Amino acid sequence: METSMQANKEKIDVRKREVGKISSIINKLGVYVLVIALMILGTIISPKFLTASNFMNIIQAVSLLGMVAAGVSFITYSGNFVDMSIPCIMAFSGMIAVDTLRYGIVVSIVCGLLTGSAIGLINGIVVGKLKANPIIWTLSVAFVGNGFMRWFYSGKQIYPDVKGGAAADVFINLSRTDVFGRIPLIVIVMITFMVLGQFVMTKTKFGKQVKLIGSSYEVAKMTGINVNKVVCGAFILSALATSIAGIFLTSLAKTGAFYNGEGYDFNAVTAIVIGGMTLNGGRGDVVGVLGGVLVIGLLSNVMTLIGINTFSQSIVKGIIFIAVVGINARSLRKLGRDDA
Amino acid sequence: MLDRLESLEGMMHNMDKKKLLNKLDYYRIYIIFAIVFILMSLFAPNFLNVFNIVNILKGMSLNAMVAVGFTVVMICGQLDLSIGSNLTLGAMVVIALQPILGWWPSLAVAMIAGSFVGAVNGFLVAKAKIHSFIVTLGTMTIVQGLIFLLSKGSALSVNDFTLADWLEMPKFGFLPPRVIITVSIVLMFFVLIKFTKFGKGFYLVGGNKETAWLAGLNTDLYLILAFILSGLTAALGGALLAMSISSAVPTLGTSSQMVVIAAVIIGGTSMAGGTGDIFRSMIAVIMLVTLFNGLMCCGAGYEVQIFASGLVLAAVVLGESYALYQQDKVKGQRPNLMAELKKGALQ
């Protein structure tokens, strides 16, 4: 009787351990399973896939998204979901940069960055100190900013070569510069952001404070962390990264317009959440986010190689998005680490 | 003794103030609406006449219908980003199927399609326990892709204008049937959600899911029903609009989504769940449409309309969170003791 009970117990234990194993593998490797699977799929489908130039294309296509995602991941990490004013920040900083080009390239870029950071600061104060709902607040900031830009520039686009003079060429070439011969500047900037982001998130005091706030707001507050300041810092950091991406985007498109950056908000959420961060905060890291960004790039590349049109691509993307997040949430629940 | 009494009076006074503030918060949408309406009547040319008022009512009927389901989802403490694409789906299905099935069967198909998307949303949120923001973001992309895939990105229209004429032709003097239908459906759902035992369950689920479960409510079912309702009303709203203009475009829902989200929040539904009602959402939609219309009468373009509605939304969110912040500050304090401390304990 006793032995059988023991055997039963062991059986249960073994099963639990096995479930735990699979779940923890999914949990550890996470999004890179998908990255590897997509690479294998691409290699099978087309000989053009496994070339250096194709890879450079993929990375270049998602480099702006990567910059945005690296910054915004701090907001998600702190449990504040996402910044819905990303497109507004990108467009606004780009337009201001173009508008101030006549004072020189340095002034223009600094003004662009300041504009973005100012929006981030406002978001940070309202969400951090007044505890407004982050989605709703940043959404209303996006409306106000979008409306303001359309009104201020009366719905027109502005062109750097018209506004700028000598600095215009530098501005336009910003996103077309190659470093070390063949690696584009935007890729270098994106990778720098990822490395910096990972370092700040896992190794510094600020990163640990953000993690604690994301994991448990009350505990973080009781510990004596200046919660308002840290959340505000996360929003400013994110806005800074976003506005750098916005300036690059404007330079790439050769136009400053209110619709620049449309869609980057949802794509950034997709990358961040596929990359293993949960919207509750305090989980995941920037390496995972990089994986999420790569998945988005690889996915559209592979689907284009297969010959799927854009509309079907968005359907596939949506399905994969929900499925990945579902599997991730399930494995977390199995491991007993999910509080939702 | 006298001091005590005084401080007690102070407490009562404080409570009165709190009650008044709560009431003010409850009725704020009516106040905002009145202010907007009066300002527009005073300053906007050609604003205050029957023709224009009917125009405003026509303009609100799409968004008021969509806001019904969205409000219920928000009451449950969830978010539904797929309303815009659901609305477009309803409109496109009605117009695409009309030549084959006729108006009423295709309307039924559109409503079923919307409910199906809502059911998928609800199932993934309630049973698979994925965050509603993610689920509905995903289904939004999927449905939008499906619509573009099936319509090849072009607008659809039908040649049968009889129903459109009937829906737009004024009855009882000035009200077109489309407005009457919309308002009566909105009121029906308002009564159902606010005053029946079944409907009050939504508030309970949104306010505290665990308590609702302990009280014996099937919380998962309530969540799924909320999302189904959201899909249904979005598709119905889109279908009604499409029927009244006999055509539909695949980008119909994009601007609507923003207006509905803004209106529901301005109307006093909080994203934390458990508060808000459908009637105030409808008033908020009317308020926003009045604002748009009035600004248009003044000669302002689309950009000013976005700007203005964004400002109203931002102001409301800011005011709400500032009030909560103030409340948080004095949370757990006893006002009479604080008053005593201030008065003289420190001397």
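Which of the three applies to the stretch B:111-181, rounded, prolate or oblate, going by the alpha-carbon gyration tensor with a ≥ b ≥ c and a/c under 1.5 meaning rounded?
oblate
Could you give the dipole magnitude of chain A about its Cα centre, charging the beta-carbon of Lys and Arg +1 and that of Asp and Glu -1, in debye to the nearest 20?
620 debye
With only Lys, Arg, Asp and Glu charged, each at its Cβ (+1 for the first two, -1 for the last two), find how big the charge dipole of chain B is about the Cα centre; round to the nearest 20 debye.
Magnitude of the dipole: close to 600 debye.
I need the phi-derived Karplus couplings for the stretch A:72-84: 6.51 cos²θ - 1.76 cosθ + 1.60, θ = phi - 60°, integer Hz, Gly and Pro marked x.
Result, ordered by residue: 5, 4, 5, 5, 4, 4, 8, x, 9, 6, 7, 9, 7 Hz.
Using Cα atoms only, what is the angle between the long axis of helix A:2-29 and the major principal axis of chain A, expressed in degrees (0 to 90) to the nearest 10?
Roughly 10 degrees, rounded to the nearest 10.
Let me know the shape class of the stretch A:31-327, please: from the alpha-carbon gyration tensor, a ≥ b ≥ c as square roots of the eigenvalues, rounded when a/c is under 1.5, otherwise prolate if a/b is greater than b/c, or oblate.
Oblate is the answer for the stretch A:31-327, as a/c is 1.5 or above yet b/c matches or exceeds a/b.
Please list 3J(HN,Hα) in residue order for the stretch B:264-273, calculated via the Karplus relation 6.51 cos²θ - 1.76 cosθ + 1.60 where θ = phi - 60°; whole Hz, with x for glycine and proline.
Calculated HN-Hα couplings, in order: 5, 6, 4, x, x, 8, 8, 6, 6, x Hz.
Mean separation of Cα pairs under 8 Å and 6+ residues apart, divided by the residue count of the stretch B:212-347: what relative contact order is that in percent?
15 percent
Taking both sides together, what accessible area is buried at the A/B interface, probe 1.4 Å, expressed in Å² and rounded to the nearest 100?
For chain A against chain B, roughly 3500 Å² becomes buried.
What whole number of Å gives the distance from the Cα centroid of the stretch B:77-94 to the Cα centroid of the stretch B:293-347?
About 32 Å separates the Cα centre of the stretch B:293-347 from the one of the stretch B:77-94.
Can you classify the protein assembly as shown as rounded, prolate or oblate using the Cα gyration tensor, where a ≥ b ≥ c are the square roots of its eigenvalues, rounded means a/c under 1.5, and otherwise it's prolate if a/b beats b/c and oblate if not?
rounded
May I ask you to list the trypsin sites (Lys or Arg not before Pro) in the stretch B:186-241 that are in a DSSP loop and have at most 15 other Cβ atoms within 10 Å of their Cβ?
Here no loop site has a sparse enough neighbourhood.
For chain B, what relative contact order do you get, as a whole percent, if you take Cα pairs closer than 8 Å and at least 6 residues apart?
Relative contact order of chain B: 33 percent.
Cut-off under 19 Å on the C-alpha distance; same-chain residues fewer than 8 positions from residue A:317 excluded. Which lysines are left, in chain and number order?
Excluding near neighbours in sequence, the set is B:152.
In deg cm²/dmol and to the nearest 500, what is the mean residue ellipticity at 222 nm of the protein assembly as shown if only DSSP H runs of at least 4 residues count, each as -39500 (n - 2.57), divided by the residue total?
Rounded to the nearest 500, it is -25500 deg cm²/dmol.
Count the net charge of all other residues whose Cβ sits under 14 Å from the Cβ of residue B:215, scoring Lys and Arg as +1 and Asp and Glu as -1.
+2
Give me the lysines in straight-line cross-link reach of residue A:254: C-alpha distance below 18 Å, same-chain residues under 8 apart excluded.
Correct list for residue A:254: A:156, A:163.
Can you list the HN-Hα couplings for the stretch A:98-110, worked out from phi with the Karplus curve (6.51, -1.76, 1.60; θ = phi - 60°), rounded to whole Hz and with x for Gly and Pro?
My calculation for the stretch A:98-110 gives 5, 5, 9, 4, 5, 8, x, 5, 5, 4, 4, 5, 4 Hz in order.
To the nearest 10 degrees, how steeply does helix B:83-101 sit against the main Cα axis of chain B, on a 0 to 90 scale?
It is inclined by approximately 20 degrees.
Along the charge dipole of the protein assembly as shown, pointing to its positive end and built from +1/-1 on Cβ of Lys, Arg, Asp and Glu, which listed residue (B:35, B:180, B:126) has its Cα farthest out?
After comparing all options, I get B:126.
Quick one: longest stretch of chain B between exposed loop chymotrypsin sites (Phe, Trp or Tyr not before Pro), exposed meaning at most 14 other C-beta atoms within 10 Å and loop per DSSP?
B:175-347
Which whole-number percent is the relative contact order of the stretch A:86-162 (Cα, under 8 Å, 6+ apart)?
Relative contact order comes out at 34 percent.
Give the distance, in whole Å, between the Cα centre of the stretch B:194-258 and the Cα centre of the stretch A:112-191.
The stretch B:194-258 and the stretch A:112-191 have Cα centres separated by 36 Å.
About the Cα centre of the protein assembly as shown, what is the dipole size in debye to 20, counting +1 per Lys and Arg Cβ and -1 per Asp and Glu Cβ, all else neutral?
So the magnitude is around 1320 debye.
Please identify the trypsin sites (Lys or Arg not before Pro) of the stretch A:220-266 that satisfy two criteria: DSSP loop assignment and at most 16 other Cβ atoms within 10 Å. Which are they?
When the trypsin sites (Lys or Arg not before Pro) of the stretch A:220-266 are filtered for loop state and at most 16 Cβ neighbours within 10 Å, A:254 remain.
Hey, which lysines would be in cross-link range of residue B:331, C-alpha to C-alpha under 22 Å, not counting anything within fewer than 8 residues on its own chain?
Reachable lysines: A:129, A:131, A:221, A:229, B:17, B:18, B:19, B:23, B:342, B:343.
Angle check, please: helix B:132-151 long axis (alpha carbons) against the longest principal axis of chain B (alpha carbons), in degrees 0 to 90, nearest 10.
20 degrees
Projected onto the charge dipole of the stretch A:31-327 (+1 at Lys/Arg Cβ, -1 at Asp/Glu Cβ, origin at the Cα centre), which of A:144, A:198, A:179 gives the Cα projection farthest towards the positive end?
The residue sitting farthest along the positive end of the dipole is A:198.
The values are calculated or read from the model by the stated rules, or taken from the named source; none is laboratory data. Note that the structure is a prediction, hence the values are computed from the model and not measured. Note: ideal-geometry Cβ built from the backbone for every residue, glycine included; neighbour counts use all protein chains shown. Just the protein is used for accessible areas: all its heavy atoms, side chains included, with ligands, DNA and RNA removed. Shrake-Rupley method; radii C 1.70, N 1.55, O 1.52, S 1.80 Å.
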